[in-house]
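K.L.:
Please read through the structure below; I'll follow up with questions.
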Amino acid sequence: MVLQPSERHYRDWSDRRWKGQESRVLTDRLQSPADPWRSVNSVMLADIISTVEFNHTGELLATGDKGGRVVIFQREQESKNQVHRRGEYNVYSTFQSHEPEFDYLKSLEIEEKINKIRWLPQQNAAYFLLSTNDKTVKLWKVSERDKRPEGYNLKDEEGRLRDPATITTLRVPVLRPMDLMVEATPRRVFANAHTYHINSISVNSDYETYMSADDLRINLWNFEITNQSFNIVDIKPANMEELTEVITAAEFHPHHCNTFVYSSSKGTIRLCDMRASALCDRHTKFFEEPEDPSNRSFFSEIISSISDVKFSHSGRYIMTRDYLTVKVWDLNMENRPIETYQVHDYLRSKLCSLYENDCIFDKFECVWNGSDSVIMTGSYNNFFRMFDRNTKRDVTLEASRENSKPRAILKPRKVCVGGKRRKDEISVDSLDFSKKILHTAWHPSENIIAVAATNNLYIFQDKVN
């Protein structure tokens, strides 16, 4: 697969433009609720993208940021004159999903940052998605309106009530065309169920329930009930001093509504079956790879912590991401992964400095392509990695303004560990650890990917002839 940027290939939150053959303002700047002085390398903290997600058809792409905003991009319809423009995504809707809050009982500030977005399958003309910050999950309805009613009997054109005595005739209201307007309205708010920060949400295959997971508990919700949830996993010990691990990610099986997995900071994965008991404290399967004693170090526990877990579309495999590797597990084999891919093994010698600057705690996500044959995950220096499971080939690509001109083909990048460096290689000592790709998404059926690099969103597609 040869990737090239889409016609408008990224969106820069800080100057509100897509850079492509033309630049135009797509949306007015929202008032950021975050402290305007908080910035990272001159990028406003509120503008940093914190999650990326395609919907089930791939026609829509949603991003959330640390300012609590959700921006939805819609794919352009194919035209007879410009077939290649089919891969372009333009802003469809922008709305403020979460606001900063303060818990006065605990003297705790609740950030507005969007941790996860999950789409529901489309059932009618409207779209529905879940978004969550650290404490509250919201169900949003995104719908279009291109007609407005006119000719009311009891109201005038301004919307004011008329005096019934002045009404001498009855009119039949009519719908008049108007400019297309996209509205985002909150339909449900699921709050007050998590003591700790929510790290995952996952929609069940029955589309009636979903789960939300924090550091110590996983709750099951019904979409119609906002004031009650069912606790299905609770690993909180009676004495918090005995706490040895936390939940890092959780996901439902794509086809079996009773099955889900969750990962831990100890590098283990537990498969649970809700048919076994109401509280799934006892797992059905336990996936763990024995540690090689020769690789044991001070950082072993930290780098073995799993930051993301994903079922394959087929439901046969589980993919996990820890700090240095991506692993693929077969549901029928618990003692070791069937595939292990080194993402940036050249950083193993840099773990001490990565610990000092806190980069070792970065949580990288991983994604499957539509056929489960290719895996993608992020790295530093705005690099992202792809692994072909069939050919066992891998490639490192870079998402940056310099090499992402429209229609240009991305060139593979290589990192030089030591010795003489070639012209096209970059030294491991030259990597910029402030530029990291934590969040990526893959179109469910096509070779189109979305990559979030700080406050920029890059969209790449397979080479178009």
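The values are calculated or read from the model by the stated rules, or taken from the named source; none is laboratory data. Values in this document were obtained by computation on a predicted structure and should not be read as measured data. Positions of Cβ are backbone-derived with ideal geometry, glycine not excepted, and every protein chain shown enters the neighbour counts. These accessible areas exclude ligands, DNA and RNA; they are computed on the full protein's heavy atoms, side chains included. Shrake-Rupley method; radii C 1.70, N 1.55, O 1.52, S 1.80 Å.
K.L.:
Mind telling me which of the residues Glu78, Glu88 ends up being closer than 22 Å to Thr57 by Cα and either touching a Gly at 6+ places or on another chain (Cβ under 9 Å) or at pLDDT 85 or above (or both)? Explain how you work it out, then say what you get.
P.N.:
Values: Glu78 fails: either touching a Gly at 6+ places or on another chain (Cβ under 9 Å) or at pLDDT 85 or above (or both).
Of the residues listed, the single one that is closer than 22 Å to Thr57 by Cα and either touching a Gly at 6+ places or on another chain (Cβ under 9 Å) or at pLDDT 85 or above (or both) is Glu88.
K.L.:
Filter the range 278-315 down to the residues that are of a type in the set (S, T, N, Q), assigned to a loop (DSSP other than H, G, I, E, B) and modelled with pLDDT under 90 and list them by number. Explain how you work it out, then say what you get.
P.N.:
The initial filter retains those residues of the range 278-315 that are of a type in the set (S, T, N, Q), namely 284, 294-295, 297, 300, 304-305, 307, 312, 314.
From the residues that got through so far, the ones that are assigned to a loop (DSSP other than H, G, I, E, B) too are 284, 297, 305, 307, 312, 314.
Across the range 278-315, the qualifying residue is only Ser297.
K.L.:
Quick check on the range 98-116. Is at least one of its residues among the small types (Gly, Ala, Ser), more than 21 Å from Phe190 (Cα to Cα) and either part of a loop (DSSP other than H, G, I, E, B) or out of contact with any strand residue (DSSP E or B) (no Cβ under 6 Å at 6 or more places or on another chain) (or both)? Even if it seems obvious, please write down each step before you answer.
P.N.:
Step one: filter the range 98-116 for residues among the small types (Gly, Ala, Ser), giving 107.
Retained after the next criterion (residues that are more than 21 Å from Phe190 (Cα to Cα)): 107.
This time we only want the ones that are either part of a loop (DSSP other than H, G, I, E, B) or out of contact with any strand residue (DSSP E or B) (no Cβ under 6 Å at 6 or more places or on another chain) (or both), so: 107.
Yes, there is a match, as at least one residue in the range 98-116 is among the small types (Gly, Ala, Ser), more than 21 Å from Phe190 (Cα to Cα) and either part of a loop (DSSP other than H, G, I, E, B) or out of contact with any strand residue (DSSP E or B) (no Cβ under 6 Å at 6 or more places or on another chain) (or both).
K.L.:
May I pose another question? I'd like to check which strands (runs of 3 or more DSSP E) are fully inside the range 397-451 and have at least 3 residues that are modelled with pLDDT of 90 or more, within 21 Å of the chain's Cα centre (by Cα) and crowded, with 21+ Cβ neighbours inside 10 Å.
P.N.:
So the answer is 439-442.
K.L.:
Is it the case, given these coordinates, that Ser229 is in contact (Cβ under 8 Å) with a residue 12 or more places away in the chain and open to solvent by less than 20 Å² (accessible area, probe 1.4 Å)? Walk me through how you get there before you give the answer.
P.N.:
Details: in contact (Cβ under 8 Å) with a residue 12 or more places away in the chain: yes; open to solvent by less than 20 Å² (accessible area, probe 1.4 Å): no.
It is false that Ser229 is in contact (Cβ under 8 Å) with a residue 12 or more places away in the chain and open to solvent by less than 20 Å² (accessible area, probe 1.4 Å).
K.L.:
Any idea which residue in the range 210-226 is most open to solvent (accessible area, probe 1.4 Å), counting only those that are touching a Phe, Trp or Tyr at 6+ places or on another chain (Cβ under 6 Å) and within 18 Å of Arg187 (Cβ to Cβ)?
P.N.:
Here the residue is Thr226.
K.L.:
Right, here's the next one. Identify the residue in the range 232-273 that is surrounded by fewer than 16 Cβ atoms within 10 Å (Cβ to Cβ) and of a type in the set (A, V, I, L, M) and, among all such residues, is farthest from Phe364 (Cα to Cα).
P.N.:
Within the range 232-273, the match that is farthest from Phe364 (Cα to Cα) is Ala238.
K.L.:
For the range 351-402, enumerate the residues that are touching a residue at least 24 places away in the same chain (Cβ under 8 Å), over 22 Å from Ile306 (Cβ atoms) and basic (Lys, Arg).
P.N.:
Arg401 - this is the single residue of the range 351-402 that is touching a residue at least 24 places away in the same chain (Cβ under 8 Å), over 22 Å from Ile306 (Cβ atoms) and basic (Lys, Arg).
K.L.:
Among the residues of the range 162-180, what is the count of those that are open to solvent by 70 Å² or more (accessible area, probe 1.4 Å) and assigned to a strand (DSSP E or B)?
P.N.:
Number of matching residues: 5.
K.L.:
Hey, can you tell me all the residues within the range 109-120 that are open to solvent by 30 Å² or more (accessible area, probe 1.4 Å), more than 14 Å from Ser202 (Cβ to Cβ) and in contact (Cβ under 8 Å) with a residue 40 or more places away in the chain?
P.N.:
Glu111, Lys113 - these are the residues of the range 109-120 that are open to solvent by 30 Å² or more (accessible area, probe 1.4 Å), more than 14 Å from Ser202 (Cβ to Cβ) and in contact (Cβ under 8 Å) with a residue 40 or more places away in the chain.
K.L.:
Now for a different question. Out of the range 345-377, which residues are outside any loop (DSSP other than H, G, I, E, B) and small (Gly, Ala, Ser)?
P.N.:
The initial filter retains those residues of the range 345-377 that are outside any loop (DSSP other than H, G, I, E, B), namely 345-356, 359-361, 366-368, 374-377.
Answer for the range 345-377, where residues must be outside any loop (DSSP other than H, G, I, E, B) and small (Gly, Ala, Ser): Ser349, Ser353.
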